[in-house]
Structure formats: structure tokens, C-alpha cells
Amino acid sequence: MTHDHHEIPRYTPEQTELALNPPAGRNGGDLVVETLHGLGATTVFGLPGQHALGMFDALRRSDLAYVGLRVENNAGFAADAYGRVTGEVAPLLLSTGPGALTSLAALQEAAAASSPVLAISSQIPSAGLGGGRHGYLHELRDQQASFRDIVKSVHLVRTASQIPSAIAAAWESALTAPHGPVWVEIPQDILLKETTLPLVTAVDATPRELLPRPELIAVAAHALSHARRPVIIAGGGVVRADAAGKLRALAEKLNAPVVTTFGGKGAFPWEHPLSLQSWLEDRHTTDFLEDADVVLVVGSGLGELSSNYYTFRPRGRVIQIEADLGKLEANLPALGIHADAREALSALLESVTGREGAEAARDAVRTVLEKVRARLDAQDLALEQRVLASVREALPATAPSFWDMTILAYWAWSAWPGPMHSGQGAGGLGYGFPAAIGAAAADVTKPVLAVSGDGGAMYSIAELATARQYDLPVTWLIVDDGGYGILREYMTDAYGETTGTELARPDFVALAQSFGVPAVRTSPESLREDLSKALAAPGPSVVVLPALLKLFAPTHLPADRPTP
């Protein structure tokens with residue numbers, strides 16, 4: 001066995017002199033900031049608190065860009081989005097106790113969506129650690145225990161010298177497939193104490209490669225090469241691994257139709273003749289997938305949404321490529337290949353032999369999509385389809401979009417033709433607008449769209465101040481239906497009446513304007529024009545659409561399934 005060794009760079013006499021005589025006035029917070037800079041970070045998100053002031057004071061002495069949000073959970077959503085759009089680690093600086101705990105829902109979303117968020121939290125002074133009840137402000141018996149079930153790894157710092165190594169280890173963990181959030185805790189006294197340690201320079205935290213086992217690739221390639229009706233289900237792991245090109249080449253070589261999961265949108269071209277698009281919540285698609293003799297699942301755990309609420313029961317052989325070991329064969333028996341999607345697709349592409357049957361595969365795709373279209377056309381859904389089309393037409397092709405848990409987003413999961421980002425991993429409210437802020441901070445040269453319902457919008461209304469303060473190009477579309485619209489539908493269908501779904505809400509236009517954010521009330525007829533204008537204008541803006549939208553009928557319940 002051979003091992004790769006990175007050569008340690010030799011210091012010049014000048015660098016050695018600087019290491020021996022570091023600048024005065026530095027503390028543990030400086031070690032945090034210097035380590036982040038040495039790892040390649042350029043932007044950090046967060047919210048200051050008493051125990052974390054050492055980190056925030058150190059930001060003043062650095063050239064890291066800081067984006068401060070108004071609620072820790074929203075700061076977590078912003079970091080999540082930054083990680084999604086850049087593929088880079090997104091540092092999130094938090095305080096202790098309530099500040100840390102308020103980020104939990106955002107970190108759950110980052111974990112579900114495999115977003116590389118590096119959360120660095122302060123802790124009470126070292127003397128208070130260990131579970132004793134000392135009475136420190138924000139004291140918890142075991143703060144990290146609240147995060148251990150959510151994040152990929154937890155790193156507790158007890159001395160200043162541990163800071164660079166702990167953050168580097170967390171960084172590596174966040175970027176090793178599957179990506180995910182990580183947690184670092186540093187006590188207040190360590191952050192505040194002056195240090196004579198040398199300046200932190202370049203730090204190596206190269207993520208580990210997750211390569212497929214060759215014997216499994218050989219078996220999978222044989223099955224795919226000899227399949228009569230192969231299909232591919234492409235999940236978010238394909239997007240995160242930057243493997244869309246590999247996936248397309250493999251699909252075309254095999255003449256295999258491809259359906260993308262809601263988290264995998266953008267993994268395969270929407271209008272490609274082999275594209276089944278994303279109609280996973282449609283029984284016609286489910287039936288087609290069940291009829292395949294080989295199903296290749298790449299970068300998806302086939303969870304609730306991707307399996308049409310666990311009704312997907314394939315009759316053929318399933319091959320599952322998944323970086324998250326916990327998801328491998330969690331829902332269906334398969335030939336499980338634990339690997340990064342890009343590495344596994346590359347290996348398959350080299351190993352499979354091409355298949356005939358291009359025309360038959362394309363005809364089959366057309367037939368499925370025609371059945372899906374006919375089912376939608378049989379329902380009274382013209383308003384919903386017009387609204388979604390208006391949003392799509394208004395949004396520039398390269399502009400990212402971030403969707404809250406709202407009825408229009410549920411439409412977009414299936415019908416939006418390209419990449420989109422939503423909070424569907426964990427399903428919490430309030431994701432859309434703060435996430436759009438995080439994406440805008442990553443690239444201020446193009447507009448970003450956020451879509452929320454009125455209920456979800458109230459979770460993040462304070463971030464209008466953030467968008468204004470940093471003058472970020474975020475346009476927020478708020479679909480105002482007077483309540484929690486999807487819960488209204490669910491409760492009406494199940495019980496015939498609703499409880500707790502109807503909401504008093506503000507005048508969103510006037511409220512946005514009070515933050516100094518331009519806002520307009522629109523209609524389905526004028527939505528495209530109003531949204532286009534808002535997206536073209538510099539800085540933040542709000543567009544409010546009063547509308548009562550419906551979701552298309554489900555197909556996962558026996559009574560809902562169409563007859564063949």
C-alpha cells in the first residue's frame with residue numbers, strides 16, 4: 001500500500017521571523033478567522049452574541065466578508081444556500097445556548113440537502129463545561145448533544161492550539177461526500193484569551209475521495225448493458241458531484257430514460273428526448289419506472305417524495321449509487337454502491353456497452369409525458385399553470401431560485417424545467433427568502449428569486465432589513481392566500497374542515513416599503529411583467545400575489561390511481 005504525502009512548504013527567513021514574532025493583540029477569535037481564510041473561505045454568515053464576541057471582533061481585523069442576518073435560523077438557511085450554489089463550505093458563526101439552538105432547523109435542512117455548512121459556535125467558559133450547573137448565561141448541560149443527531153461531525157475545542165486543526169477537520173468532513181453540516185464549539189475564554197501562536201497560513205483540508213468498488217461496478221455495468229428496458233432516477237447527489245455531463249453521456253449510451261428527483265433538478269436536460277422530467281408524484285411515471293427491468297438510482301435515497309410516497313415498487317433489478325451509507329438500500333433492496341456519483345458514473349461510462357433502441361426509448365418517454373399532461377388537463381388547474389409559467393418566463397435563465405414550502409413550490413418540484421432550490425429536504429417553513437440572501441451574497445451580479453407563501457414569509461420577514469442593509473439583488477415573490485394553504489388542503493380533504501390554518505397577516509407591500517424595499521401588489525395577469533421589472537431593478541424588491549392556488553390531485557393513494 002502506498003500513501004500520498006503532501007510536502008510541507010519551507011518557510012523563508014522572512015516568514016519564519018513573522019511566525020516567531022506574530023502581531024500583538026490577537027486572540028482565539030483571530031485563530032478562527034485566520035483558519036477560515038487559510039482554508040479558502042471568503043464569506044461568513046452569522047449573528048453575534050455575548051460568548052462569541054471574540055470571533056466577531058476578529059472579523060474586523062480580517063478581509064472576510066460578513067453577512068449578518070436577524071435570526072440564527074435564517075443565517076443557517078443563508079449559509080445552506082451559499083453552499084448549494086458554490087459547492088464551497090459556508091461558515092456560520094453563532095453564539096451559545098439560544099443562539100446556537102435557534103439554528104437547529106436550518107442545520108436539519110442542510111443535513112437533508114447535503115449542504116456543506118460549517119457552524120462554529122461559542123460555548124460558556126471552559127470552567128463550566130462537563131455538565132455541572134454553574135449558572136453561566138446560556139448554559140446547557142451538553143450543548144453539542146443537541147446537534148450530534150443532525151450534523152455530520154462535532155468538534156469541541158479546549159485550547160487555542162486546537163482551533164486550526166478542529167476547524168480543518170470539520171471543513172474536510174463538510175466537503176467529503178456526502179456533503180453536510182458540521183459543528184465546532186469553542187469556549188468563550190478560549191476565544192477571548194490573547195494568543196502568541198503564529199499566524200495561521202495555508203491549511204490543508206482536502207476531502208477524502210469516495211470511490212466505488214470495482215467488482216460492484218462490473219456487476220452493475222453488465223446488468224445495464226444487457227437490460228431491455230433500463231431507466232435512471234437521478235437525485236441531488238448528481239448535482240452536488242457536478243456529474244450531470246457524465247449522467248447524460250451514460251443515459252445516451254444506454255438509451256435509458258431519466259427522471260430527476262425534486263432535489264436533483266438540473267441533473268439532466270429538461271427537454272432532452274430521454275427526459276421524463278420530474279413528475280415523480282404521478283402514477284404514470286411510477287408505473288413506467290416499475291416496468292423497467294433495471295433501475296439505476298444515482299444520488300438519491302428514494303425517500304418519501306422520490307418514491308411517490310413509498311408506493312414505488314420496482315419489479316426489475318435496482319442498482320443504487322449513493323454517497324450516504326445510511327441511505328444505501330434504506331428503502332428498497334438493491335445492488336448498493338457506496339460512492340460519489342461522479343466517480344461511479346465515470347466508472348460505469350467506461351464499462352457499459354452501448355444499447356440499441358433509441359427510438360423506442362424516446363417514444364416511451366413521449367407517451368408517459370402525454371399521459372401526465374392529459375391527467376393535469378383533466379383538472380381545473382389553469383390558474384396554477386399560468387402563474388408558474390409567468391414566474392418561469394420572468395426569471396432570467398441563469399438566475400437561481402429558492403422556494404419555501406408553499407403550494408407554488410410543490411408545483412415547481414414537478415413542473416419547473418431547470419435547477420431550483422427548496423426546503424423540501426427537511427420541510428421546514430421560512431427557507432426561501434434567507435436562502436436567496438445567501439445565494440445573492442455569493443454572486444451579486446445576477447438577480448435571485450425567492451418564493452414564499454404568506455405563512456412562510458412571516459418566518460423571515462425580519463430579513464428584509466438584511467437584504468436592504470447589504471443591498472442584495474433578491475426579489476421576493478409572496479403568494480398570499482391568507483393562511484397555510486397546503487395544510488388547509490390537507491385538513492379539508494381529511495377532516496372536512498380546518499384548524500389553525502387561517503392567518504391574520506400584514507400589508508406586505510406597506511411592510512416591505514417600511515424597510516425601504518420597493519414592493520408592488522400584482523395579479524395573475526400582470527405577474528410576469530411586474531416580476532420581470534422587479535428582477536431587473538437593482539437591490540431587493542417584493543412582489544405580492546394575492547391568489548388561492550390548488551395542488552394537482554395526488555396519485556399515491558389507491559383511490560387516486562388512474563385506471564390503465
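The values are calculated or read from the model by the stated rules, or taken from the named source; none is laboratory data. Keep in mind that what you see is a predicted model, and the values were worked out from it rather than measured. With ideal geometry, Cβ positions are generated from the backbone for all residues, glycine too; neighbour counts draw on all protein chains shown. Quick note on the areas: whole protein, heavy atoms, side chains included, nothing else; ligands and nucleic acids left out. Shrake-Rupley method; radii C 1.70, N 1.55, O 1.52, S 1.80 Å.
No other residue among 129, 107, 59, 118 is modelled with pLDDT of 95 or more, open to solvent by 10 Å² or more (accessible area, probe 1.4 Å), on the phi < 0 side of the Ramachandran plot and touching a strand residue (DSSP E or B) at 6+ places or on another chain (Cβ under 8 Å) apart from 59.
Answer yes or no: is there a residue in segment 280-288 that is open to solvent by 10 Å² or more (accessible area, probe 1.4 Å) and without any contact (Cβ under 8 Å) to a residue 60 or more places away in the chain. For segment 280-288, residues open to solvent by 10 Å² or more (accessible area, probe 1.4 Å) and without any contact (Cβ under 8 Å) to a residue 60 or more places away in the chain: absent.
When residue 358 is tested against (1) modelled with pLDDT of 95 or more; (2) more than 22 Å from residue 217 (Cα to Cα); (3) hydrophobic (A, V, I, L, M, F, W, C), just one condition goes unmet, and that condition is (1). Looking only at segment 440-452, residues that are open to solvent by less than 10 Å² (accessible area, probe 1.4 Å) and over 16 Å from residue 469 (Cα atoms) come to 5 in all. Among the conditions (1) assigned to a loop (DSSP other than H, G, I, E, B); (2) in contact (Cβ under 8 Å) with a residue 24 or more places away in the chain; (3) not basic (Lys, Arg), the only one that residue 131 does not satisfy is (2). Of all residues in segment 177-194, none are of a type in the set (A, V, I, L, M, F, W, C), under 30 Å from residue 339 (Cβ atoms) and open to solvent by 30 Å² or more (accessible area, probe 1.4 Å). For residue 352, are the conditions met, namely being touching a residue at least 40 places away in the same chain (Cβ under 8 Å), closer than 24 Å to residue 416 by Cβ and either within 25 Å of the chain's Cα centre (by Cα) or crowded, with 17+ Cβ neighbours inside 10 Å (or both)? Taking the combined requirement at face value, the residue does not satisfy it. Filtered by the rule that a residue be open to solvent by less than 60 Å² (accessible area, probe 1.4 Å), in contact with an Asp or Glu (Cβ under 9 Å, 6 or more places away or on another chain) and either assigned to a helix (DSSP H, G or I) or not small (Gly, Ala, Ser) (or both), segment 224-247 gives 230, 231, 237. Against the conditions (1) assigned to a loop (DSSP other than H, G, I, E, B); (2) surrounded by fewer than 15 Cβ atoms within 10 Å (Cβ to Cβ), residue 494 satisfies every one except (1). Here residue 82 does not fit the description of being open to solvent by 60 Å² or more (accessible area, probe 1.4 Å) and among the aromatic types (Phe, Trp, Tyr). When every residue of segment 140-151 is checked against the conditions, at least one turns out to be of a type outside the set (D, E, K, R), surrounded by 21 or more Cβ atoms within 10 Å (Cβ to Cβ) and more than 23 Å from the chain's Cα centre (by Cα).
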